[in-house]
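Below is one structure, written out as structure tokens; comments come after it.
None of the figures in this text is laboratory data; all of them are computed from the coordinates on show. Please read all numbers here as calculations on a predicted model, not as lab measurements. Cβ sites come from the backbone with ideal geometry, for glycine too, and all protein chains shown count toward neighbours.
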Amino acid sequence: MNLHPRGPHLLDTSAVIILARLRQAAAPDALVGFPTLGELAVGIARARDPRQEEGRIRAALGASRVLLPTLATVRHYGETVTALQRLGKPIPINDA
């Protein structure tokens with residue numbers, strides 16, 4: 001089974017976990033968002049053996065690149081979360 005579609009792709013938390021369970025590394029052009037790394041870090045901290053889990057996750061991430069937000073992205077994030085809160089429609093902080 002080919003788990004590496006053509007072209008760069010963004011891995012979410014579930015995809016990285018599946019790769020780790022299958023003991024496969026992400027394609028070299030894979031991208032990982034900063035929030036995904038945070039979610040993976042929570043899973044590592046909660047694991048029975050955090051050191052082993054971190055090794056599995058690192059192996060699954062392979063040579064993937066981390067996407068970091070720009071100042072414009074961060075500003076937009078803050079404005080969106082604030083606008084939704086003012087409308088009485090708050091969303092989980094990592095979903096903005």
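Could you size up the charge dipole of the chain around its Cα centre, putting +1 on the beta carbon of Lys and Arg and -1 on that of Asp and Glu, and report it in debye to the nearest 20?
Values: 12 positive and 8 negative charges, 26 e Å.
Roughly 120 debye, rounded to the nearest 20.
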For segment 37-45, 3J(HN,Hα) per residue [Karplus equation, 6.51 cos²θ - 1.76 cosθ + 1.60, θ = phi - 60°, Hz, x = Gly/Pro]
4, x, 5, 5, 5, 5, x, 5, 5
How many nm is it between the label spots at residue 10 and residue 72, if each spot is 7 Å from the Cα in line with the beta carbon?
1.6
Figure the gain on full extension for residue 34 and residue 48 (residue separation times 0.36 nm, minus the Cα-Cα span) and round it to one decimal in nm.
2.6 nm
Segment 19-96, convex hull of Cα, quarter of hull surface, nm² -> 6.5
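Grab the DSSP H runs of the chain that are 4 residues or longer, score each as -39,500 (n - 2.57), total them, divide by all residues and round the 222 nm result to the nearest 500 deg cm²/dmol. It would help to have the intermediate numbers written out before the result.
Working: 4 runs with 50 residues, N = 96.
Per the formula, -16500 deg cm²/dmol.
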Suppose a student asked you for the relative contact order of the chain, using Cα pairs under 8 Å spaced at least 6 residues apart; what percent would you report?
29
Tally Lys and Arg at +1 and Asp and Glu at -1 over the other residues with C-beta under 14 Å from the C-beta of residue 52: what net charge comes out?
+4
Give the residue from 10, 87, 69 lying farthest towards the positive end of the charge dipole for the chain; charges sit on Cβ (+1 for Lys and Arg, -1 for Asp and Glu) and the dipole is referred to the Cα centre.
10
